[in-house]
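Shown next, in structure tokens, is the structure this report addresses.
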Amino acid sequence: LVSSFSYDLLPWESGDKICQQMAEICYMSLDAAETAIVQGVYDNTFTPPWVDQWCDGWADMANCDASTQCSSCSDLTSAVDYNTCEGCCQCLDDVIGYYARLKHSWSIPEAKCRMLGEYLRKTGKDAWIHYDEKLLGGEGACSMHVDVWQLIPEVCHDPECYQSEECSKQCFRPEATKEMCPSPFTWSFFKSTREWRPGMLATQSTCEVESCYPQPWIPTEAECKTVSHCESDCPYCETDQFWDWEMKKTMVKCSFVNSKTSKPLSEADCKIACGGSFSGTCYFKKDNRSTAAACITDPPTDALGSTTYEKCVGQKALTGASVTSANYELLQCSSFTTEQCGWAQTTFGQDMACTIHRLQCKNRADCKEAGRCDYEWDDWQIQENGGLCVAPNDFSKDTSYSPHRDFWGECSTLGGEHRSYGCMLYQVTSKDACTQAGAKWFPSAHSKSKCEVPGYAWKKMSSGGFYSGTMACCIQLRGSKSEGRCEMFTQDENSTSCEHCGGTWMSIFRFRSHGRWVEGSWQKNYKWTARAFEPSNKWVTRIAFEKVTDVWQNLIAAIRAVPAVNFVTCRIGPTLDTLVAIAKQTAAQSTLGTVPLLPATASATQVGDYVIEPSDNSVTGTTEIDVQVNLLSSGAVVAENAKGNSTNTTGGNRRMRRKRRLAGTGLSDTLTASCYTVVVNAGRYIGQLVGDCIIFSPSTALDNPVKVCLPTNPQIPVYGAFNLDCLVTVSSGVYSVAPMTVTKSTDGLSTCAQLSAPGTYCPGKIFGTGEPDRSAPSGCGSVTAISGTVVTQA
């Protein structure tokens, strides 16, 4: 096996030149060429090819005795003997001269190849043979380039041939073959199938050298910084053949302009400049909207030059006008904006031949506005016509939209094509014809403001025409609103009704911006990456989508089962929980339900009036965490707290007194705020409960807190000095303020906090900041009395 290899130059010349020169050649070795020349049949009609080259200078051929001076020329096996085969023998026009030429050429490889070519040409072959020292491993050989282009028929040189399909069929370059080598000799044939291309950026230094972006051929940084242009085209008003400079100079008119502002003169000032009245050579023109105007005149008679382009210079004083003087100035198509170009074309006709062309953007501002209005049809044809004629889809006969309706067929009967915005009448090429057809003419737009016009596209005026808007309601939008394409527009006439139906209010035509202003930057444009022998393939784990579907369906079933389980628990659980509490003589804890927290999933689950809202990082692992939520009522807390205040007395007199107290108090008496004041700190009562408590029990530790909102009970009275919301936690029967920040829900009816640790949490209120160190009233005498009475009666 080959452990390593490298490339090197050939011993005689660089490999790239060999590859470029080989192409398609016929070649033979020098020995084969010598044999071919010797075996060549000499014809006395041949004119020795060398006579025209150097034999003309021979002094006297009569002194060349063939019998003595050329006696050994025919013996090609021996070396040249200049006594018996002199140089003059080569100029004899017979076979001796032929062999003399051969014998004198044996020591020169190039001469052998030339002799071979001379022989072939004398036999009528168009063969030009040359010696190539690079062939046959550097030994050299005679070679001839196969020129296949000469084999193309002469008729193919006529440009009209390519207009004919039959004629052009024979004008393809033929494939070079060995049969094209000249007979009668045996040639070897070589056809190059590869092309050598020198390496570009083949080293790290050449790769990472700084160059100009985006024009890397610019040689210096100074030149690079002068580069600034727009990578787009912009619409401009120009004469039809603007590229012909001489023609363009004839497509102009001379005009009067304000000498101070260079704006066209007003009609009144133009009449004064024309000598008090208009004529066929001095007149005023303006469009109907008064956005374009021109005061046309002949050039001054005393100006130098022979054409309007040369003579339209100078100034004229005005008397009685609003300006004191007017300048003569050339009026060209480029003097008009794209909106004025159509008026200039109609007004001045072929004298100026104005039309809109898309040219290189002239400045950054034009580049920024560059783009095209997407009509979903031929932009050039719309520009030539000056606009597009569109008829709205007719829904007047429909009680409801039918997806099987043949809109294409309906448009074809009108001579048009269906588009999502209506029926495009492409055969109607003028505004007047479009109006007669009862359709709307949309002028060709060259800017975003003209392409996407506010207002309903099909809103009619009282006169019967249409307003200029292009907006409509899209109910089938493919892609985004800014870059997408609408597949169906409705006939809702405003954005409000459109949004009520879930549609998108947008223009039926979209302006596609594509201008980008480029400035030269001298920088490193490439990064060198070292070659490495490494695997070209990469193992990719494929997801079994059918199994993902099973997992998804099981997950949905489990999630849907959670509300059902919580409902059953809520319906049955309280009764069982109450019976268990009575048996144990403890406060009842009702089970509200279980809330599953899914990994990396933000959600909100409501259990009763409580809301559990995890974030997407509450559970960062891959296993679901269940949160058990139990209810501990504030009333149970009050009762439990009052239990310690009662004394179990069995004396007859006390029992009788409690009978009377029970009869006078009643179970329906209202509890005071002090009954709920159970929050202590340093032996002082500093707050109270304002709602029921929950027992928060995650199945495992949470990665991050979840938001829990606990409802407050508006029926619980609040001590006036308690004005700060808080969350109360319970530890060993002691209620204290939980050290965490709380917020109110949007409706103000719940207290919310971020919980992670298991425990009992209650909504509460405490003293506000700045409150003196004091203790609020606590205790619930009515509950204590009732509890004692119940115990006594029992």
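The values are calculated or read from the model by the stated rules, or taken from the named source; none is laboratory data. Values in this document were obtained by computation on a predicted structure and should not be read as measured data. Cβ sites come from the backbone with ideal geometry, for glycine too, and all protein chains shown count toward neighbours. Note: areas computed on protein heavy atoms with side chains; ligands, DNA, RNA excluded. Shrake-Rupley method; radii C 1.70, N 1.55, O 1.52, S 1.80 Å.
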Packing rank of 374-386, 552-564, where each peptide gets the mean count of other beta carbons within 10 Å, highest leading: 374-386, 552-564
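According to the square roots a ≥ b ≥ c of the eigenvalues of the Cα gyration tensor, what is the shape class of segment 448-505, taking rounded for a/c under 1.5, prolate for a/b larger than b/c otherwise, and oblate for the remainder?
Numbers: a/c = 2.45, a/b = 1.46, b/c = 1.67.
Verdict is oblate for segment 448-505.
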Considering only G416, F348, V313, whose Cα is most displaced toward the positive end of the charge dipole of segment 297-432, charges sitting on Cβ of Lys, Arg (+1) and Asp, Glu (-1)? V313
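Using only the Cα atoms of segment 89-209, build the gyration tensor, take square roots of its eigenvalues as a ≥ b ≥ c, and label the shape rounded, prolate or oblate: rounded if a/c is under 1.5, else prolate if a/b is larger than b/c, else oblate.
Numbers: a/c = 3.06, a/b = 1.25, b/c = 2.45.
Oblate shape, in that a/c is at least 1.5 and b/c is the bigger or equal ratio.
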Measure off 7 Å from each Cα along the Cα-to-Cβ vector at A23 and W245, then give the distance between these two points in nanometres to one decimal. 3.8 nm
Contour minus end-to-end for V565 and D703, with contour as 0.36 nm per residue of separation and end-to-end as the Cα-Cα distance? 47.1 nm
Simple spin-label model, 7 Å along Cα-to-Cβ: Q150 to R512 in nm? 5.2 nm
Paramagnetic reach from T529 (point 7 Å along Cα→Cβ, amide N under 19 Å) across segment 205-231: 205-209
For E483 and T301, compute 0.36 nm times the residue count separating them, minus their Cα-Cα distance, and round to one decimal in nm. 59.7 nm
Among P198, H104, L135 the positive-end extreme of the charge dipole of segment 101-242 (Cβ point charges): H104
Working out 0.36 nm times the residue gap between E376 and T623, then minus their Cα-Cα distance, what length gain in nm do you get to one decimal? 83.7 nm
The alpha-carbon center of segment 611-634 and that of segment 431-464 are separated, in whole Å, by 59 Å
Amide H of S325: which non-local residues (sequence gap of 5 or more, or other chain) have their own amide H closer than 5 Å, using H built in the peptide plane? S259, L318
Based on the mean of other beta carbon atoms within 10 Å per residue, what is the order of 75-83, 63-71, most packed first? 63-71, 75-83
List nothing, just return the count: lysine pairs in segment 412-546, 8 or more apart or interchain, with Cα separation under 18 Å. 9
Which shape class applies to segment 161-235: rounded if a/c is under 1.5, otherwise prolate when a/b exceeds b/c and oblate if not, where a ≥ b ≥ c are the square roots of the Cα gyration tensor eigenvalues? oblate
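Count the lysine pairs in segment 221-274 whose Cα atoms lie under 24 Å apart, taking only pairs 8 or more positions apart in sequence or on different chains. Mind showing how you got there, number by number?
Values: K248/K263; K249/K263; K253/K263; K253/K271; K260/K271; K263/K271.
Step by step, the pairs that qualify in segment 221-274 add up to 6.
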To the nearest 20 debye, what charge dipole does segment 307-373 have about its Cα centre, counting +1 at the Cβ of each Lys and Arg and -1 at the Cβ of each Asp and Glu? 220 debye
Counting only protein heavy atoms and rolling a 1.4 Å probe, one gets per residue an accessible area for segment 485-557 in Å² of 82 Å²
How much FRET efficiency would the formula 1/(1 + (r/R0)^6) give for W522 and Q204, where r is the Cβ-Cβ distance and R0 is 30 Å, rounded to 0.05? 0.95
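Placing unit charges on C-beta atoms (Lys and Arg positive, Asp and Glu negative, everything else neutral), compute the dipole magnitude of segment 434-573 about its Cα centre in debye, rounded to 20. Provide the component values of the computation, followed by the final result.
Details: 19 positive and 10 negative charges, 95 e Å.
Here segment 434-573 has a charge dipole of around 460 debye.
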